[in-house]
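Novice: Got a structure for you, written out below as structure tokens; questions coming shortly.
The values are calculated or read from the model by the stated rules, or taken from the named source; none is laboratory data. The structure displayed is predicted, hence computed values, not measured ones. Cβ atoms come from the backbone with ideal geometry, glycine included; neighbour counts cover every protein chain shown. Areas reflect the complete protein model, heavy atoms only, side chains present, ligands, DNA and RNA absent. Shrake-Rupley method; radii C 1.70, N 1.55, O 1.52, S 1.80 Å.
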Amino acid sequence: MTDVDAIVVGAGFSGLYTLHRLRELGLSAVVLERGSGVGGTWYWNRYPGARCDIESIDYCYSFSRELLEEWEWTERYATQPEILRYLEHVADRFDLRRDIRLGTTVTAATWEHEHWAVETDAGDTLTAQHLVLAVGNLTAVKRPDFAGLEEFEGDWYHTARWPGEGVDLRGRRVAVIGTGSTGIQAIPRIAAQAEHLVVFQRTPNYSMPAVNRPLDPAELRDAVAGYDERRRRARESDAGVPIAPPERAALDATPDERRAAYETGWRRGGINALSNAFTDLFTDAEANRTAQEFARSRIREVVRDPVVAEALCPSHTIGTKRTCVDIGYFETYNRENVELVDVRRSPIEAITARGVATADAEHPVDVIVFAIGFDAMTGALLEIDIRGRDGLALRDAWEAGPRTLLGVATAGFPNMFIVTGPGSPSVLSNMVVSIEQHVDWIADCIAHLRERGVAWIEAGEDAQDAWVEHVAALADATLYPEATSWYLGANIPGKPRVFMPYVAGCGAYRRECDEVAARGYEGFVLGTREAQATTGRRA
Ligand code: NA7
């Protein structure tokens, strides 16, 4: 007998929905959460300007009609506090809190003959038949490893560990290091408060205007009324959002037609403003260059100082690193109190007692904000000492990069499920659409096992090899692997360079997952007892 049927690690969007679904199946489950509140990503990321880059109407659960009808999003793009309130509401509304242990870090998980033993930092061990890792893709923060940081006499913060009570930046000289999605959201807000802001940019990024606005309650009502169809389109789309796919190739259009399409996207705003304009932007470098040039022309139009504008112009393939979405980012560089330091020209050499020293100068500051990102997709999984069959460590199994079947399971780790793991669309999609799909698939799988008295399920080695190859081949047919992005671990020294997300889109991925389930979990190994195994096969 185990303590519970399932242990879920993480109480963000994934963990909350997992608990709800497992309870519906009649399973007992406990959620272990490191934070002192629910919310996951939206609990931790409290930096100024934190907001979702997917529209609020789409970045929410669809499993409950009542929830959809009662929650009123107030803006096109929801702020972190609003999303956190939503998740707290979900936890209350579905009575989830009684099975969530907050302030509890999972340190280890070991497969012990047909069940998992999970250890926490409180020194407890809990057992369960199933382990669901709902730990999030952007959870393990990249630690600032700048020489001299311990000498710094001011205050410093990582954006993903921003104090809940906020930080008063008025009258202070602030440095922001990092210009990814986070830096690009935070910089305008910090500039508006700080006496002086120095932005340390290593790689300029493409950023699309959010075109944020208050949501008209009538618009929200209409969206909710037609939600089934809206969500169906999102599920079948590539990115998990209900927008019509492009029909035409950029290289088949005239320069004027291209410009008109990009202008239309720019006015609409959002993460797909340019990338959804044409069919060939992710597969043809020349097509992609046309979108890049449009984005650069916009920066040059906005930023008054031509030297600063050039420094802000990215040169990489657009869309192959996560595209950013901003509210007044480039305009910020027209402010008198904002300075841009191009770290590529003048690398950061050290943090000193007084500030940030580059090869050219020392920049005295009172506060340093590190917006330097995450050990994405695998970091939070590998932080836990996970041991599968015969003591196999996940860290060893994934030494050369993550290996999964469908992004949901990995060979050698029976009854362990990963929500939106590497090898699934995850970070390339609207996470909530992907999370609901994964959690539903996992819950259906567990129901299937229980109905048939199957004690365990595990990814088969051959099917996993084939999936890893398939995911890599899909990526290799695109421009994605060209970029030095966190999608392939390039931001973490020593991390294997493996392109992790599944690039063929949510719709195609869902069909692949559904087919595997319909064929009796083809490619997985199912066992009634430790010694007996049957291979999932065609029904
Ligand atoms: P990202 O996208 O990984 O961005 C991190 C930024 O920090 C990026 O500009 C990095 O430059 C920069 N960085 C990282 N390390 C350093 C050092 N050592 N020196 C200078 N600059 C550095 O993280 P975010 O938090 O912005 O966004 C993560 C995701 O969250 C985002 O994509 C959304 O999906 C939500 P680099 O590009 O490596 O040259």
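Novice: May I ask you to list the residues in segment 17-32 that are part of a helix (DSSP H, G or I) and not charged (D, E, K, R)?
Specialist: TYR17, THR18, LEU19, HIS20, LEU22, listed by residue number.
Novice: Residue check: is SER62 farther than 25 Å from PRO242 by Cα, part of a loop (DSSP other than H, G, I, E, B) and open to solvent by 20 Å² or more (accessible area, probe 1.4 Å)?
Specialist: Numbers: farther than 25 Å from PRO242 by Cα: no; part of a loop (DSSP other than H, G, I, E, B): yes; open to solvent by 20 Å² or more (accessible area, probe 1.4 Å): yes.
It is false that SER62 is farther than 25 Å from PRO242 by Cα, part of a loop (DSSP other than H, G, I, E, B) and open to solvent by 20 Å² or more (accessible area, probe 1.4 Å).
Novice: Any chance you could count how many residues in segment 350-377 are within 14 Å of the ligand (Cβ to nearest atom) and not in a strand (DSSP E or B)?
Specialist: 7
Novice: Also, quick follow-up: Residue pairs, Cβ under 6 Å, 6 or more apart or interchain, first in segment 231-243 and part of a loop (DSSP other than H, G, I, E, B), second open to solvent by 10 Å² or more (accessible area, probe 1.4 Å) and of a type in the set (Val, Ile, Thr). List them.
Specialist: Matching pairs, first to second residue: none at all.
Novice: Okay, moving on. Of all residues being touching a strand residue (DSSP E or B) at 6+ places or on another chain (Cβ under 7 Å) and in a loop (DSSP other than H, G, I, E, B) in segment 194-212, which is most open to solvent (accessible area, probe 1.4 Å)? Just the residue, please.
Specialist: Only one residue tops the list, namely GLU195.
Novice: Starting from segment 320-344, keep only residues that are modelled with pLDDT of 95 or more, then list their pairs with residues that are of a type in the set (Asp, Glu) and within 15 Å of the ligand (Cβ to nearest atom) whose Cβ atoms are within a distance under 7 Å, requiring at least 6 positions of separation or different chains.
Specialist: VAL325/ASP53
Novice: Could you list all residues from segment 108-147 that are open to solvent by 60 Å² or more (accessible area, probe 1.4 Å) and either part of a strand (DSSP E or B) or on the phi > 0 side of the Ramachandran plot (or both)?
Specialist: HIS113, GLU114, GLU119, GLY123, THR125
Novice: Can you tell me which residue among ASP92, ASP99 is closer than 20 Å to SER14 by Cβ, open to solvent by 30 Å² or more (accessible area, probe 1.4 Å) and touching a residue at least 40 places away in the same chain (Cβ under 8 Å)?
Specialist: Checking each option against the conditions leaves just ASP99.
Novice: If I filter segment 421-429 for residues that are open to solvent by 10 Å² or more (accessible area, probe 1.4 Å), within 16 Å of the ligand (Cβ to nearest atom), touching a residue at least 24 places away in the same chain (Cβ under 8 Å) and part of a helix (DSSP H, G or I), do I get at least one hit?
Specialist: yes
Novice: Exactly one of these conditions fails for PRO255: (1) over 21 Å from the mean Cα position of the chain (by Cα); (2) closer than 22 Å to TYR502 by Cα. Give me its number.
Specialist: The failed condition is (2).
Novice: Across segment 474-509, what is the total count of residues that are open to solvent by 60 Å² or more (accessible area, probe 1.4 Å) and away from the ligand (no atom under 16 Å from the Cβ)?
Specialist: The total comes to 2.
Novice: In segment 192-217, which residues are modelled with pLDDT of 95 or more and more than 30 Å from ARG354 (Cα to Cα)?
Specialist: Hits for segment 192-217 are TYR206, SER207, MET208, PRO209, ALA210, VAL211, ASN212, ARG213, PRO214, LEU215.
Novice: Further, regarding this structure: Taking into account only those residues within segment 336-349 that are touching a strand residue (DSSP E or B) at 6+ places or on another chain (Cβ under 8 Å) and more than 12 Å from the ligand (Cβ to nearest atom), which is farthest from ASP305 (Cα to Cα)?
Specialist: ASN337
Novice: With respect to the numbered conditions (1) in contact (Cβ under 8 Å) with a residue 40 or more places away in the chain; (2) more than 16 Å from the ligand (Cβ to nearest atom); (3) open to solvent by 30 Å² or more (accessible area, probe 1.4 Å), which one is the sole condition not fulfilled by GLU165?
Specialist: (1)
Novice: Which of the residues spanning segment 126-162 are away from the ligand (no atom under 16 Å from the Cβ) and not charged (D, E, K, R)?
Specialist: Those that are away from the ligand (no atom under 16 Å from the Cβ) and not charged (D, E, K, R): LEU126, THR127, ALA128, GLN129, HIS130, LEU131, VAL132, LEU133, ALA134, GLY154.
Novice: Suppose we filter segment 66-86 for residues that are touching a residue at least 60 places away in the same chain (Cβ under 8 Å) and either open to solvent by 30 Å² or more (accessible area, probe 1.4 Å) or more than 23 Å from GLY270 (Cα to Cα) (or both); how many remain?
Specialist: Going through segment 66-86 one residue at a time, the tally reaches 4.
Novice: Then there is this: Would you please list the contacts, defined by Cβ atoms under 6 Å and residues six or more apart or on different chains, that run from a residue in segment 389-405 that is more than 17 Å from THR107 (Cα to Cα) to a residue that is part of a helix (DSSP H, G or I) and not charged (D, E, K, R)?
Specialist: Partner pairs satisfying both residue conditions: ARG403/GLN464; ARG403/VAL468; LEU405/ALA463; LEU405/GLN464; LEU405/TRP467.
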